[in-house]
Amino acid sequence: TDRVAVPDLPQQPRGLKLKNGLKFTDGTVGPGEKLRWGQVVKIKYVAYTRESGDAPLKRYDASDAYLVRHGNGRDVRGLDEGIHTMRVGGTRRVEVPPSLGYTAPGLGPMPESAGGRRTLDKALDDMAGKPGAAVVYDVAILAAWTDDADAGYYADESFSSDEMQVIVGKAEKIGRGLAKAAGE
């Protein structure tokens, strides 16, 4: 079948919908550990596009063993966010709105063939500006492990409010400097 062990889900399930438009519905909650940012994660997925809210899903890609460093910014943001609360062994349907999808060149996962990438590019163009358009992934988490070379840059810990004020202040200072250099 076209789905990845996410049995009997309708094409547009009613699941959790976040403020940013990301939707997900669990098929199975895995028995393993919860994913952590920075881990190497092995997933199995089937990917679809949906041109608009009432359109059928169109399959464009699948992988039995896709490896990703969770949270590294090199994958579709909505997929990364959508799998974050999963556990190893779990399955989920993740519906990614265009604003959290393929927003920059080189984001994965991408179809391996040039024809597959052209098909995806056309589908993304067809989805532009249409309500309910999404890239949909049926995902299974196969394994996750900590990379021994990880220096701990991905920790799930939050910044304190004092640390956030320092970060925001530095970002604003950099922004003013760039604006000044650009003659604004």
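A few comments on the model shown:
- Selected residue [outside any helix (DSSP H, G or I) and aliphatic (A, V, I, L, M)] from LEU120, LEU142: LEU142
- Residue within region 103-114 that is over 16 Å from the mean Cα position of the chain (by Cα) and not charged (D, E, K, R) present: yes
- Residue-level analysis places VAL68 among those that are among the β-branched types (Val, Ile, Thr), in contact with an Asp or Glu (Cβ under 8 Å, 6 or more places away or on another chain) and either in contact (Cβ under 8 Å) with a residue 12 or more places away in the chain or assigned to a loop (DSSP other than H, G, I, E, B) (or both).
- Against the list (1) of a type outside the set (A, V, I, L, M); (2) part of a loop (DSSP other than H, G, I, E, B); (3) at pLDDT 90 or above, the condition ARG92 fails is (2).
- Set ASP80, ASP54: member being of a type in the set (D, E, K, R) and assigned to a loop (DSSP other than H, G, I, E, B): ASP54
- First in region 136-153 and under 28 Å from THR25 (Cβ atoms), second anywhere and at pLDDT below 80 and among the basic types (Lys, Arg), Cβ under 9 Å, 6 or more apart: ASP138/ARG3
- In region 49-61 there is no residue that is farther than 28 Å from GLY115 by Cα, open to solvent by less than 40 Å² (accessible area, probe 1.4 Å) and not charged (D, E, K, R).
- A single entry from SER161, SER99 fulfils the requirement of being modelled with pLDDT of 90 or more, among the polar types (S, T, N, Q) and either farther than 22 Å from LEU22 by Cα or open to solvent by 40 Å² or more (accessible area, probe 1.4 Å) (or both): SER99.
- Residue check for ASP150: touching a Lys or Arg at 6+ places or on another chain (Cβ under 7 Å), open to solvent by 40 Å² or more (accessible area, probe 1.4 Å), closer than 30 Å to VAL46 by Cβ and modelled with pLDDT under 90: no
- Test result for VAL76, of a type in the set (A, V, I, L, M), touching a Lys or Arg at 6+ places or on another chain (Cβ under 7 Å), open to solvent by less than 70 Å² (accessible area, probe 1.4 Å) and touching a residue at least 12 places away in the same chain (Cβ under 8 Å): no
- Checking ASP138 against (1) at pLDDT 90 or above; (2) open to solvent by 60 Å² or more (accessible area, probe 1.4 Å), the condition it does not meet: (2)
- Selection of first residues in region 18-44 that are loosely packed, with under 14 Cβ neighbours inside 10 Å and of second residues that are β-branched (Val, Ile, Thr), restricted to Cβ pairs under 7 Å at least 6 apart or on distinct chains, gives the following pairs, ordered by first then second residue: GLU33/VAL88.
- Being touching a Lys or Arg at 6+ places or on another chain (Cβ under 9 Å) and among the acidic types (Asp, Glu) is a description that applies to GLU33.
The values are calculated or read from the model by the stated rules, or taken from the named source; none is laboratory data. Here the structure is a predicted model, which means the values were calculated and not measured. FYI the Cβ positions are ideal-geometry reconstructions off the backbone, even for glycines, and counts take in every protein chain you see. Accessible surface areas use protein heavy atoms only, side chains included; no ligands, DNA or RNA. Shrake-Rupley method; radii C 1.70, N 1.55, O 1.52, S 1.80 Å.
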